[in-house]
Ligand SMILES: C[S@@+](CC[C@H](N)C(=O)[O-])C[C@H]1O[C@@H](n2cnc3c(N)ncnc32)[C@H](O)[C@@H]1O
């Protein structure tokens, strides 16, 4: 099976009769055609979106774990261990995440403080309880200073440590906002390169720590949609989800972690436990 598009061609050759067995020949062919057509459509859509992207730059390797390195903030960038962990052009995305999970009087858990941008938006929406988990001790100290200076208001709790260690003791929340960064190269390989989306390794934990009618949000760098692989991963842990594309983003031309003018914000609900 071969597909030719304007700028590429792709072929699919089953190497085993057991592929899609015991489906009969005609429906089997239909499934194979559809899988191939989806790949062609996806790559063609990315090519159409590319003229609106910035070139981007390569990311240096993480030499010191992100929760053991000293952070610095320069020109709106949170730099930790040589990584551009957060930049201020993400503000519209952070606003969308905060709005997706925060209701007045509700309980919200944010994983990752960064520059505190999403934390500020969460606060504006008036939750009764706002718990922020942060693994880097210096960033956690900045979060405490933010809370003490009034940025946080009442009901804010800064929990230092990796979510893997501290979340089990924190109970359930009406809203969970997940925005961390890989701590080391193993997490880059496992969660950024291999998973359908970075937050996937957190899905089961989010489902465990949501109230029955709570919402979980994160963003996915899939530009204008989410993949079927991503959807399957979500549906293993949640009954329903919605996707909103946030566009008009302006990463700098040399950004080492994103290069498109949009990202997808996912809101999942109906935790399956
Ligand atoms: C992208 S920033 C968060 C940005 C934030 N939403 C904002 O609006 O500024 C990611 C943060 O997650 C923290 N982090 C990374 N891995 C973590 C983990 N396993 N547990 C808790 N925090 C983590 C990093 O130290 C960093 O401060």
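Whenever a residue of the stretch 44-60 is outside the structural domain of residue 80 (by TED's automatic domain parsing), it has no partner that is surrounded by fewer than 13 Cβ atoms within 10 Å (Cβ to Cβ) and outside any loop (DSSP other than H, G, I, E, B) lying with C-beta atoms less than 8 angstrom away and at least six residues away or across chains. Within the bounds of the stretch 234-246, is there any residue that is within 14 Å of the chain's Cα centre (by Cα) and crowded, with 21+ Cβ neighbours inside 10 Å? The answer is yes; a qualifying residue exists. Of the residues making up the stretch 199-221, those that are within 11 Å of the chain's Cα centre (by Cα) and over 16 Å from residue 170 (Cα atoms) number 9. If you go through the stretch 89-101 and keep only what is touching a strand residue (DSSP E or B) at 6+ places or on another chain (Cβ under 8 Å) and either near the ligand (Cβ under 10 Å from one of its atoms) or not assigned by TED's automatic domain parsing to the domain that holds residue 129 (or both), you end up with 93, 97, 98. Taking the stretch 168-261 and the strands (runs of 3 or more DSSP E) fully enclosed by it, the elements with 3 or more residues that are within 13 Å of the ligand (Cβ to nearest atom) are at 173-178, 210-220. Scanning the stretch 185-224 for residues that are surrounded by fewer than 19 Cβ atoms within 10 Å (Cβ to Cβ), closer than 23 Å to residue 249 by Cα and touching a residue at least 40 places away in the same chain (Cβ under 8 Å) turns up 221, 224.
Screening the stretch 1-98 for strands (runs of 3 or more DSSP E) wholly inside it with 3 or more residues that are surrounded by 16 or more Cβ atoms within 10 Å (Cβ to Cβ) and under 27 Å from the mean Cα position of the chain (by Cα) returns the ranges 77-80, 83-87.
The values are calculated or read from the model by the stated rules, or taken from the named source; none is laboratory data. Just so you know, these numbers come straight off a predicted model, no measurement behind them. Glycine also receives a Cβ, built like all others from the backbone with ideal geometry; neighbour counts cover every protein chain displayed.
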